[in-house]
Amino acid sequence: MEVVIRPADELAVLAADVIEAQLRKAPNSVLGLATGSSPLRVYQELIRRHQESGLSFARARGFTLDEYVGLPADHPQRYRNVIAEEFVDHLDWPAEQVQGPDGSAADLTAACAAYEQEIKAAGGVDIQLLGIGTDGHIAFNEPGSSLASRTRIKSLTRQTRRDNARFFDGEISRVPVHCLTQGLGTISEARHLILLAFGEEKAEAVHQLVEGPVSARWPATVMQFHPHVTVLVDDAAASRLELADYYRQTYACKPEWQGL
Ligand code: F6R
């Protein structure tokens, strides 16, 4: 696991560099997309590169991590709509090549199984972008999630619903209680995990992710088992890392030829 502690703008460029290199090497790559505020700078940087230097997504596939259950198709916070509005619609990426779990399916269990199949049929995810919840969730794998879990229905914690109320006019009662989410086992199969976290409110979750014991109590700790993880954090999100100096020094001494 590599931990990079740098200002947010610089981290967005680093993450975009990895994605650009992947797309230039293999234009039909499969990208795992997160919603929420953490990846927004990366998306803006990739949009800029698409517009200014022709970076193309035309042959790529995309899979989002999760979706609320029960939001109407035109709801602005439906993650399908969020990812279209914030990212996909600004690119040459055909909408049908970007999929998410179907939170309005009549049979949600079948929709989860179908989503797993779609990811598998696409050959798996090459690069998975992730944010982290203040309670240590990745995607919507809340505390207590099985470390081997697959795409399924979950209940959101009160803490997550409170955190996300900012997207629902500050009204926690408007935040859905249920979601569909890729499981920790599903996410762990992506070939490169890139997690972004900013701000003091993420500091404890980041500390647990990097330095805590692996436990369903802090679901993101499952990433410690993964062979290729990059954790991109600003100073505030890194403020509880016990070995922050070591991570800073390691990155400062990193040979230029060694990418993320
Ligand atoms: C969203 C997702 C969540 C968020 C997390 C952090 O698709 O999977 O795990 O990444 O809740 O959200 P932000 O980035 O808004 O702080």
Self-check item: Of all residues making up segment 33-77, the number that are within 12 Å of the ligand (Cβ to nearest atom) and in a strand (DSSP E or B)
Solution: 6
Quiz item: Given the structure, is residue 201 closer than 25 Å to residue 118 by Cβ, open to solvent by 20 Å² or more (accessible area, probe 1.4 Å), out of contact with any Phe, Trp or Tyr (no Cβ under 9 Å at 6 or more places or on another chain) and acidic (Asp, Glu)?
Solution: no
Exercise. Report, ordered by the first and then the second residue, all pairs with beta carbons closer than 6 Å, sequence separation of six or more or different chains, a first member in segment 52-81 that is more than 24 Å from residue 142 (Cβ to Cβ), and a second member that is in a helix (DSSP H, G or I).
Key: 55/20; 55/49; 61/97
Self-check item: The one condition in (1) open to solvent by less than 40 Å² (accessible area, probe 1.4 Å); (2) within 15 Å of the ligand (Cβ to nearest atom); (3) not in a loop (DSSP other than H, G, I, E, B) that residue 236 fails to fulfil
Solution: (3)
Quiz item: Which one of these is closer than 15 Å to residue 131 by Cβ and either modelled with pLDDT of 95 or more or open to solvent by less than 50 Å² (accessible area, probe 1.4 Å) (or both): 229, 214?
Solution: 229
Exercise. Inspect segment 138-151 for any residue being assigned to a helix (DSSP H, G or I), touching a helix residue (DSSP H, G or I) at 6+ places or on another chain (Cβ under 6 Å) and within 14 Å of the ligand (Cβ to nearest atom) and give the result as yes or no.
Key: no
Exercise. Evaluate the following for residue 245: is it among the acidic types (Asp, Glu) and not in a helix (DSSP H, G or I)?
Key: no
Exercise. Among the candidates 52, 85, 118, 96, single out the residue that is surrounded by fewer than 18 Cβ atoms within 10 Å (Cβ to Cβ), over 16 Å from the mean Cα position of the chain (by Cα) and under 30 Å from residue 206 (Cα atoms).
Key: 85
Self-check item: Where residue 221 falls short, out of the listed (1) open to solvent by less than 20 Å² (accessible area, probe 1.4 Å); (2) under 23 Å from residue 101 (Cα atoms); (3) more than 14 Å from the ligand (Cβ to nearest atom)
Solution: (2)
Quiz prompt | The lone exception for residue 171 - which of (1) surrounded by fewer than 15 Cβ atoms within 10 Å (Cβ to Cβ); (2) in contact (Cβ under 8 Å) with a residue 60 or more places away in the chain it fails | solution = (2)
Exercise. Report the residue count in segment 239-260 for those that are open to solvent by 50 Å² or more (accessible area, probe 1.4 Å), in contact with a strand residue (DSSP E or B) (Cβ under 6 Å, 6 or more places away or on another chain) and not hydroxyl-bearing (Ser, Thr, Tyr).
Key: 1
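The values are calculated or read from the model by the stated rules, or taken from the named source; none is laboratory data. Note that the coordinates shown come from a computational prediction; the quantities given were computed from them, not determined experimentally. Don't worry about glycine lacking a Cβ; one is built from the backbone with ideal geometry, like all the others, and counts go over all protein chains shown. All accessible areas refer to the heavy atoms of the entire protein, side chains included, with ligands and DNA or RNA removed. Shrake-Rupley method; radii C 1.70, N 1.55, O 1.52, S 1.80 Å.
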